[in-house]
Amino acid sequence: MQRLRRIGRAIENGIVGAVTGTVALVSRMIDGLIGLVGHLSERLDAKLAPLADESRARHRREGRRQIDPISLE
């Protein structure tokens, strides 16, 4: 009977360890993805900043421009 309990505890400990390891791995993957998205967002902002500056300068020079509506014909 004692052997069955030991085997049961060993299996339980193995399952708990596997679940804990899986959760830790998924957590690290999510942290890595958040870091990657943050890095890519900063790069995109850096590339879009000059375009935004040009757009503001053009708006100051020329004023607001009307957008031509798209006809479906």
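A few notes on this one:
- Hz values of 3J(HN,Hα) by residue in segment 49-54 - Karplus curve (6.51, -1.76, 1.60), Gly and Pro given as x: 4, x, 5, 5, 4, 5
- Karplus (6.51, -1.76, 1.60) ³J(HN,Hα), θ = phi - 60°, over segment 40-48, in Hz, Gly and Pro reported as x: 5, 5, 5, 5, 5, 4, 5, 6, 7
- Taking label positions 7 Å along the Cα-Cβ direction at both SER27 and ARG64, the computed distance is 5.1 nm, reported to one decimal.
- Sparsely packed trypsin sites (Lys or Arg not before Pro) within the chain, loop by DSSP, other Cβ within 10 Å at most 16: ARG64, ARG65
- Among [x] 1.61; [y] 1.00; [z] 2.57, the entry derived from the coordinates for Cα Rg over 2.2 N^0.38 Å: [z]
- Projecting the Cα atoms of ILE30, ALA49, ILE7 onto the charge dipole of the chain, computed from C-beta unit charges around the Cα centre, puts ILE7 farthest toward the positive end.
- In the complete set of protein chains, residue-level accessible area for ASP31 is approximately 100 Å², probe 1.4 angstrom.
- Computed [θ] at 222 nm, deg cm²/dmol, the chain (DSSP H ≥ 4; -39,500 (n - 2.57); rounded to nearest 500): -31500 deg cm²/dmol
- Solvent exposure, largest accessible area first (probe 1.4 Å, DNA, RNA and ligands not counted), of ILE67, ILE15: ILE67, ILE15
The values are calculated or read from the model by the stated rules, or taken from the named source; none is laboratory data. This is a predicted model, so every value here is computed, not measured. All Cβ positions, even for glycine, are placed from backbone atoms using ideal geometry, and neighbour counts span all protein chains on display. Ligands, DNA and RNA are stripped out before the accessible areas are found, and what is left, the full protein with its side chains, is counted by its heavy atoms. Shrake-Rupley method; radii C 1.70, N 1.55, O 1.52, S 1.80 Å.
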